[in-house]
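Accompanying notes for the structure given below.
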Amino acid sequence: MPGTFEPLPGGGAAVALDDVEISIIRSLAVQLLELIGPGPAEDAPDDPLADLFAEGPSEPPADPVLRRLFPDAYSDPEEVPASPQEAEERRAYSAEFRRFTENDLRAGKRDNALAVIRSLDELASAGEGGAVLKLSAEESQRWLGALNDLRLAIGSRLEITDEDETDLLYRLPDEDPRKPMVMAYLWLGGLQETLVSTLMRDL
């Protein structure tokens, strides 16, 4: 089981993690939370309806990682609009879609990252030397979402645009300053792949 997710009887998944792996994933999840930022009503916790009626931004984020996590809904970088009018229409549709969906998307990504942090904190408090992380079916889905977001974020920082480029990453020399981030990217990819395979067995 070390380093790979395996199915649990009755659903869910389990993986053995050592202390270093727990620390790395938790640190990355915390950084992801900080990057995504607080909810729109964090400054008004006494108003339970504030989040429900808060509108999101209409413009794409300036940070390239956030643009990767929250892409435009009606734009395709590989497809050139047929006319300036079509380009303007796409921008308008994307802005409107973002305004009404981005807050919910951010909330979902925050919840996934928090679920990862909480489950790792419970695991760490159970003892030293690592342990077996056991996730319910619902927790597994949250982990899957968080792992995907972490890989998207790291891939954006590494300027990876094509999965085929990962072959080049394996050949990076040890002195390359990107190597630690590359190793994390590849390792998270392995975790994500085995978690997907595990969850597919339950379908």
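The values are calculated or read from the model by the stated rules, or taken from the named source; none is laboratory data. Just so you know, these numbers come straight off a predicted model, no measurement behind them. All Cβ positions, glycine included, derive from the backbone under ideal geometry; neighbour counts span all protein chains shown. Heads up: the accessible areas ignore ligands, DNA and RNA and are worked out on the full protein's heavy atoms, side chains in. Shrake-Rupley method; radii C 1.70, N 1.55, O 1.52, S 1.80 Å.
The table that follows gives values for the structure above.
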read-out: Per-residue ³J(HN,Hα) for the stretch 13-28, Karplus 6.51 cos²θ - 1.76 cosθ + 1.60, θ = phi - 60°, Hz, x for Gly and Pro; value: 8, 9, 8, 8, 10, 8, 4, 5, 5, 4, 5, 5, 5, 5, 4, 5
read-out: For the stretch 80-122: rounded, prolate or oblate by the Cα gyration tensor [a/c cutoff 1.5]; value: prolate
read-out: Potential extension, residue 18-residue 67 segment - 0.36 nm per residue separation minus Cα distance; value: 14.4 nm
read-out: Separation of the residue 159 and residue 193 label points, Cα + 7 Å toward Cβ, nm; value: 2.6 nm
read-out: Debye intensity ratio in log₁₀ form over the Cα atoms of the stretch 83-154, taken at each q of 0.17 Å⁻¹; value: -0.75
read-out: Residues with amide H under 5 Å from that of residue 133, placed H, sequence gap 5 or more; value: 15, 16, 17
read-out: Karplus-derived 3J(HN,Hα), 6.51/-1.76/1.60, for each residue of the stretch 99-112, Hz, glycine and proline x; value: 4, 9, 10, 5, 4, 5, 4, 5, 4, x, 5, 4, 4, 5
read-out: With all protein chains modelled, accessible area of residue 74 [1.4 Å, Å²]; value: 110 Å²
read-out: With DNA, RNA and ligands ignored, accessible area of residue 96 (1.4 Å probe; Å², nearest 10); value: 90 Å²
read-out: Added length on full extension, which subtracts the Cα-Cα distance from 0.36 nm per residue, residue 200 to residue 122; value: 25.5 nm
